[in-house]
Each structure stands twice: as structure tokens, then as C-alpha cells.
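Visitor: Would you mind keeping the following structure in view while I ask a few things?
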Amino acid sequence: MQKDSNPVVGILMGSASDIDVMKISKETLAEFGVNSEIRVLSAHRTPDEAIAWAKSAEDRGFKVVIAAAGMAAHLAGVVAANTNLPVLGVPLDGGMLSGLDSLLSTVQMPKGTPVGTVAVGKSGAINAGLLAVRILAVSDSELRAKLVEYKNNKRDESLAADSKLNQ
Ligand code: RP5
């Protein structure tokens with residue numbers, strides 16, 4: 001996996017088994033030229049390291065954190081409790097409950113410690129990347145222009161699919 005210099009988005013995942021989905025967040029950010037760091041840090045298996053990463057993230061130049069986990073998905077919540085950066089939670093489909101377990105354990109944060117939770121799995125990984133870009137674009141007009149172009153391209157793709165179907 002490519003290591004970016006000066007990453008501004010941290011992508012954390014609970015297990016190396018999450019990489020196939022979470023590399024899509026990294027790819028989405030890369031489409032916009034946003035540098036990221038991707039790490040395996042677990043709320044359950046490596047809690048000290050996960051908390052240390054979260055506590056030092058702001059000082060190290062990170063602006064947004066994406067935290068993904070499956071099953072009893074506590075990673076996003078633990079990270080949010082240990083930083084003031086915006087945290088986007090991606091629930092992953094990793095067990096017999098097909099992601100409902102991780103969705104509920106990521107989204108149901110008690111008041112005071114927010115996690116912005118996106119959809120389960122691949123759609124969520126893409127949207128977490130896009131949401132991180134939108135957060136960064138608030139103070140970056142170049143990124144905002146790229147978001148407008150992205151949206152226009154998606155619109156054109158959808159219209160082209162419709163025309164093809166109706167030829
Ligand atoms: C979670 O448990 C991970 O995020 C992963 O989605 C799930 C299963 O992990 P492994 O047993 O595959 O390492 O902590």
C-alpha cells in the first residue's frame with residue numbers, strides 16, 4: 001500500500017481483514033489528491049495504540065479520521081472519545097449479523113461524543129472518503145471545485161446509462 005507524505009486523513013480499521021473494503025476510502029481520497037494514512041488499530045486488540053494514535057492525531061496534522069470495524073465495532077467511538085477531530089465511522093459486514101451489529105455499535109453513540117456514521121461496507125467506505133473531502137473542502141476552494149466536477153461526472157454517467165437503456 002502506497003504511503004503518502006503529510007497525511008491529513010487517518011483511516012483506521014480494526015483488523016487487516018478489513019483492508020479490501022477500506023482501501024476504497026484511500027482510493028476515493030486519492031482521486032481528489034488528498035493524502036491519507038491507513039492503519040490497523042483495534043479498540044479491543046490494541047487499545048493503547050489506538051488511543052495513542054487518536055490523542056496525537058491533531059498535533060500530527062490530521063484533519064479528519066475515518067474509523068472502520070466489524071462486529072462489536074467500538075473503534076470509531078473510542079477514537080472520537082480521544083480526539084476533537086471529526087470522526088467518520090464505517091460499519092463493516094464481518095459476522096453472522098451481516099453488519100447490523102457493527103452499524104448499531106458505531107451509530108449509537110451517547111451524547112457528547114459524536115461519530116458521523118455512514119453506510120455498511122463498500123458504499124460507506126466510499127462515502128466516508130467523500131465526506132472527508134467535503135469537510136476539507138470547506139476551507140479549500142480547489143477541493144470544492146473537484147467535488148463539483150465529481151458530482152457532474154456522476155450525473156453524466158447516470159444519464160448515459162439511462163439513454164443506453166432506452167435506445
Ligand atoms: C473487527 O472484527 C474487525 O474490524 C473485523 O471487521 C472483525 C473481524 O476481525 P478478524 O477476526 O477478521 O481479525 O474487530
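Coordinate-derived values only; no laboratory data. Keep in mind that what you see is a predicted model, and the values were worked out from it rather than measured. For neighbour counting, all protein chains shown are included, and Cβ atoms are generated from backbone atoms with ideal geometry for every residue, glycine included.
Visitor: Determine, yes or no, whether Leu143 is within 22 Å of Glu31 (Cα to Cα) and of a type in the set (A, V, I, L, M).
Guide: Criteria met by Leu143.
Table: residues versus (1) charged (D, E, K, R); (2) touching a Ser or Thr at 6+ places or on another chain (Cβ under 8 Å); (3) in contact (Cβ under 8 Å) with a residue 40 or more places away in the chain.
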site	(1), (2), (3)
Gly99	no, no, no
Lys111	yes, no, no
Val115	no, yes, yes
Ala119	no, no, no
Leu130	no, yes, yes
Leu136	no, no, yes
Ser141	no, no, no
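Residue-by-condition table, conditions (1) out of contact with any strand residue (DSSP E or B) (no Cβ under 9 Å at 6 or more places or on another chain); (2) basic (Lys, Arg); (3) in a strand (DSSP E or B); (4) over 22 Å from Gln2 (Cα atoms):
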site: Trp53; (1), (2), (3), (4): no, no, no, no
site: Val65; (1), (2), (3), (4): no, no, yes, no
site: Ala68; (1), (2), (3), (4): no, no, yes, no
site: Pro91; (1), (2), (3), (4): no, no, yes, yes
site: Gly124; (1), (2), (3), (4): no, no, no, no
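Visitor: Residues that are more than 12 Å from the ligand (Cβ to nearest atom) and not polar (S, T, N, Q): does segment 69-76 have at least one?
Guide: Scanning segment 69-76 turns up no residue that is more than 12 Å from the ligand (Cβ to nearest atom) and not polar (S, T, N, Q).
Visitor: Kindly indicate whether any position in segment 110-127 is touching a Gly at 6+ places or on another chain (Cβ under 7 Å), of a type in the set (Val, Ile, Thr) and surrounded by fewer than 16 Cβ atoms within 10 Å (Cβ to Cβ).
Guide: yes
Visitor: Out of segment 32-51, which residues are of a type in the set (Val, Ile, Thr) and either in contact (Cβ under 8 Å) with a residue 12 or more places away in the chain or outside any loop (DSSP other than H, G, I, E, B) (or both)?
Guide: From segment 32-51, those of a type in the set (Val, Ile, Thr) are 34, 38, 40, 46, 51; that's our starting set.
Matches in segment 32-51: Val34, Ile38, Val40, Ile51.
Visitor: Keeping to segment 1-53, report how many residues are more than 11 Å from the ligand (Cβ to nearest atom), buried (at least 16 other Cβ atoms within 10 Å of the Cβ) and of a type in the set (Ser, Thr, Tyr).
Guide: 3
Visitor: Further, regarding this structure: What are the residue pairs meeting all of these: first residue in segment 76-92, first residue within 14 Å of Ser42 (Cα to Cα), second residue in a strand (DSSP E or B) and hydroxyl-bearing (Ser, Thr, Tyr), Cβ atoms under 6 Å, and 6 or more apart or on different chains?
Guide: Going by the 6 Å Cβ cut-off, the qualifying pairs are Gly89/Thr117.
Visitor: Go through segment 91-106 and give me each residue that's among the polar types (S, T, N, Q), more than 9 Å from the ligand (Cβ to nearest atom) and buried (at least 20 other Cβ atoms within 10 Å of the Cβ).
Guide: Passing the criteria: Ser105, Thr106.
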